[in-house]
């Protein structure tokens with residue numbers, strides 16, 4: 001099987017399905033609450049590398065952190081500051097037609113392309129961790145001292161500035177719009193296999 005790559009690629013901020021496009025406010029709200037993101041980098045050997053991270057979205061920027069040690073992520077960022085970041089949230093799987101492949105899922109997802117940089121200032125890194133804990137921990141941080149980050153220098157905080165960003169969502173239809181209440185199959189001409197005599201007897 002071959003893939004035709006002769007046609008030009010669409011712009012990075014363009015989606016093929018206009019009916020699924022999320023607006024700017026929806027994207028901003030989703031990035032503010034989404035639990036986990038994935039950052040794709042490129043190594044000097046040309047191989048992509050994707051790693052999941054918890055993150056903070058603030059001032060139209062993605063902030064995340066890793067341990068301060070040698071690894072694929074740090075090496076790739078040194079090689080190239082170009083990255084892609086993705087986060088998504090799956091909803092409910094539902095049927096919309098009368099054949100098995102008439103199945104879909106509700107979801108939200110955001111993909112951005114941008115440039116990544118290291119946050120060098122300790123006060124900015126500490127601000128990230130305060131916002132990080134506010135997002136992921138209870139308000140009382142389980143009774144611990146707030147802002148206690150003695151190992152901050154053992155981490156690297158990164159900031160991703162988007163150059164292009166898109167959001168898609170698939171809305172869960174009401175029960176009245178799902179199969180079997182409605183049949184919205186995309187293969188109306190598909191012919192079912194004839195039921196065998198043994199299957200008929202069992203039913």
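The values are calculated or read from the model by the stated rules, or taken from the named source; none is laboratory data. Please read all numbers here as calculations on a predicted model, not as lab measurements. When we count neighbours, we look across all protein chains shown, and the Cβ atoms used for this are built from the backbone with ideal geometry, even at glycine.
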Seminar exercise, completed: Going through the range 87-100 in order, the residues found to be surrounded by fewer than 17 Cβ atoms within 10 Å (Cβ to Cβ) and more than 20 Å from residue 19 (Cβ to Cβ) are 98, 99, 100
For this session: Identify the residue in the range 139-162 that is touching a residue at least 60 places away in the same chain (Cβ under 8 Å) and closer than 29 Å to residue 89 by Cβ and, among all such residues, is surrounded by the fewest Cβ atoms within 10 Å (Cβ to Cβ).
Result: 161
For this session: Scan the range 19-45 residue by residue and report those that are assigned to a loop (DSSP other than H, G, I, E, B) and either at pLDDT 95 or above or under 16 Å from residue 118 (Cα atoms) (or both).
Result: 34, 35, 36, 43, 44, 45
Problem set entry | Among (1) over 27 Å from residue 172 (Cα atoms); (2) assigned to a strand (DSSP E or B); (3) in contact (Cβ under 8 Å) with a residue 40 or more places away in the chain, the one test that residue 109 misses | (1)
Seminar exercise, completed: Within the range 130-148, the residues that are over 30 Å from residue 172 (Cα atoms) and in contact with a strand residue (DSSP E or B) (Cβ under 8 Å, 6 or more places away or on another chain) are 131, 132
Problem set entry | Subset of the range 46-86 (residues that are loosely packed, with under 15 Cβ neighbours inside 10 Å, outside any strand (DSSP E or B) and under 17 Å from the mean Cα position of the chain (by Cα)) | 54, 60
Exercise. If you take the residues of the range 149-177 that are under 26 Å from the mean Cα position of the chain (by Cα) and part of a loop (DSSP other than H, G, I, E, B), which of them is farthest from residue 104 (Cα to Cα)?
Worked result: 174
